[in-house]
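Remarks on the structure that follows.
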Amino acid sequence: MGDKTMTADEAVARLRSGMTLGIGGWGSRRKPMALVRALLRTDVRDLTVVSYGGPDVGMLAAAGRIRKLVAAFVTLDSIPLEPHYRAARERGAIELMEIDEAMFMWGLRAAANRLPFLPVRAGLGSDVMRVNPGLRTVTSPYDDGETFVAMPALRLDAALVHVNRADRLGNGQYLGPDPYFDDLFCEAADEAYVSCERIVDTAELTKEAAPQTLLIGRHTVAGVVEAPGGAHFTSCVPDYGRDEAAQREYATTPWPEYAERLLDSPAREGS
């Protein structure tokens, strides 16, 4: 119930090598990049990363921090395939569990509800079952007798997400058009760390926005980080859009050079 504010470095100091880490956002949209950069300044590695992937996955893969990735895709949106992720996959640097977007969501829902799995139709009749031989199916116990994929829970040791506004208690608010399942990431995790564009008083969260924009409840949050521009170069609508020039620079620069020049730079406000 108390003040949960901390710095990005203090938040990632609570992470440990070998953890299963969920990262919110979607592709190159509202990714917690200030937290990802802080994580890259640590020696945490051997991570299982669970993400609707974007540059968060690309950077961590390029830096050799990922052991296994659970994802439905890894994209920069305006650049269809994340280049640093692609390079890591082509050299066989990471293990991959590639699943359908709906299966991914159902895995988060199962974890959020502390269930071992949830049944889902997505994946049936596709190569998802072939490339993930560990997946199982279940048969409905009712008269229909339908077969479903038993999507296992995606339990997370920790989650990192970014929102537009938050209060000091851990309530988080999005103001853009899509919540991107950030609430499920927080609920599926043992500990969640939320960065935001601006920390405001609790009363301000619903002063000018509808109550349904209160995406994240304080009971799921271990720490709050005020990080203006903290999603840069990804978008954080309506505060700013994606910085396409910065993204192109990231996508076309060899990782060692990019990391040396830009990794330790402060977040820049979006336009």
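The values are calculated or read from the model by the stated rules, or taken from the named source; none is laboratory data. These numbers come from a predicted model, not from an experiment. Here the Cβ is made from the backbone with ideal geometry for all residues, glycine too, and neighbour counts use every protein chain on show.
The listed residues are Leu81, Leu76, and the only one of them that is without any contact (Cβ under 8 Å) to a residue 12 or more places away in the chain and aliphatic (A, V, I, L, M) turns out to be Leu81. Considered as a group, the residues in the stretch 147-164 that are surrounded by fewer than 21 Cβ atoms within 10 Å (Cβ to Cβ) and over 17 Å from Thr48 (Cβ atoms) include one that is farthest from the chain's Cα centre (by Cα), and that residue is Thr147. Applying the selection to the stretch 1-31, what residues are under 23 Å from Tyr240 (Cβ atoms), in a loop (DSSP other than H, G, I, E, B) and small (Gly, Ala, Ser)? Matches in the stretch 1-31: Gly24, Gly25, Gly27, Ser28. Scanning the stretch 79-119 for residues that are over 28 Å from Tyr250 (Cβ atoms), hydrophobic (A, V, I, L, M, F, W, C) and surrounded by fewer than 21 Cβ atoms within 10 Å (Cβ to Cβ) turns up Ala102, Leu115, Phe117.
Within the stretch 16-32, the set of residues being hydrophobic (A, V, I, L, M, F, W, C) and out of contact with any strand residue (DSSP E or B) (no Cβ under 7 Å at 6 or more places or on another chain) comprises Trp26 only. For Ala209, the criteria (1) at pLDDT 95 or above; (2) more than 30 Å from Asp157 (Cβ to Cβ) hold in every case but one, which is (1). Given the structure, is Leu40 within 16 Å of Glu191 (Cα to Cα), hydrophobic (A, V, I, L, M, F, W, C), surrounded by 14 or more Cβ atoms within 10 Å (Cβ to Cβ) and touching a residue at least 40 places away in the same chain (Cβ under 8 Å)? So Leu40 fails the test.
Which of the residues belonging to the stretch 206-248 are within 22 Å of Thr75 (Cβ to Cβ) and assigned to a strand (DSSP E or B)? Hits for the stretch 206-248 are Ser235, Cys236, Tyr240.
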